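One structure is given below, encoded as structure tokens.
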Amino acid sequence: MNVRVGPTQVLPGAPLTQAVENMSRVRNRWADAVFSENGALNLVEAKMEPSPGIYSTLIHYARKLRMDTQFARFANAPLNLIALVARDDSSVSMEAPWYQVQWIVYQPSFLTEQQTATLGNLAGGPAPPLPQDFLTRVSLFTGKPVSGIS
């Protein structure tokens, strides 16, 4: 949890020691969780309130993670992008397949009914297509082929 991702840039002139690299890593972005399971790497972004920005955050962190030498042993592993939210919003969740993101609504028992009430409105009708080759670009990070979404 709270995993730093991305290539670490050591300050110019600093000695190249493990301690300096670890301290420099503090400036990296962090994903809410990264874990390996069944030969795949899983990248999780968790939010109480779902927002369309969760997709760009996951894609940004996926790019950083693929450039991170600390995850080099997973270079050929598929990468699953997971949006974990406490309340659903169908106008946001309907986009998850476009971005090859697994949308999970998790509502622990300590949350109130108000905190877990569904948000948004139904999007109504088919969703417009994504920009040309967008999914191909996402598949470069996830290692998964583009499938059945137009």
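Checking the conditions here, which among ALA83, ALA96 is assigned to a loop (DSSP other than H, G, I, E, B), among the aliphatic types (A, V, I, L, M), in contact with a strand residue (DSSP E or B) (Cβ under 8 Å, 6 or more places away or on another chain) and within 18 Å of LYS144 (Cβ to Cβ)? Show your work before the answer.
Numbers: ALA83 fails: assigned to a loop (DSSP other than H, G, I, E, B).
Answer to the selection: ALA96.
A search for C-beta distances below 6 Å between a residue of the range 69-82 that is on the phi < 0 side of the Ramachandran plot and any residue that is surrounded by fewer than 17 Cβ atoms within 10 Å (Cβ to Cβ) and not in a loop (DSSP other than H, G, I, E, B), counting only pairs 6+ apart in sequence or on different chains, returns ALA77/ALA40; PRO78/ALA40; ASN80/ALA40; ILE82/GLN102.
Within the range 1-14, being surrounded by 14 or more Cβ atoms within 10 Å (Cβ to Cβ) and over 14 Å from TYR61 (Cβ atoms) holds for THR8, VAL10.
Within the range 84-95, being out of contact with any helix residue (DSSP H, G or I) (no Cβ under 8 Å at 6 or more places or on another chain) and of a type in the set (A, V, I, L, M, F, W, C) holds for LEU84, MET94. Across the range 15-26, the number of residues qualifying as exposed (fewer than 12 other Cβ atoms within 10 Å of the Cβ) and under 21 Å from MET67 (Cβ atoms) comes to 4. Restricting the range 57-99 to residues that are closer than 17 Å to MET1 by Cβ and more than 11 Å from the chain's Cα centre (by Cα), the residue that is surrounded by the most Cβ atoms within 10 Å (Cβ to Cβ) is VAL85. Any chance the range 37-53 includes a residue that's of a type outside the set (Gly, Ala, Ser), in contact (Cβ under 8 Å) with a residue 60 or more places away in the chain, under 27 Å from ASN22 (Cα atoms) and surrounded by 18 or more Cβ atoms within 10 Å (Cβ to Cβ)? No; the residues of the range 37-53 include none that is of a type outside the set (Gly, Ala, Ser), in contact (Cβ under 8 Å) with a residue 60 or more places away in the chain, under 27 Å from ASN22 (Cα atoms) and surrounded by 18 or more Cβ atoms within 10 Å (Cβ to Cβ).
Where a number appears in this text, it was derived from the coordinates with a stated rule and is not lab data. Computed from a prediction, not measured in an experiment: that's the story for all the values here. Here Cβ is always computed from backbone atoms with ideal geometry, including for glycine, and neighbour counts include all displayed protein chains.
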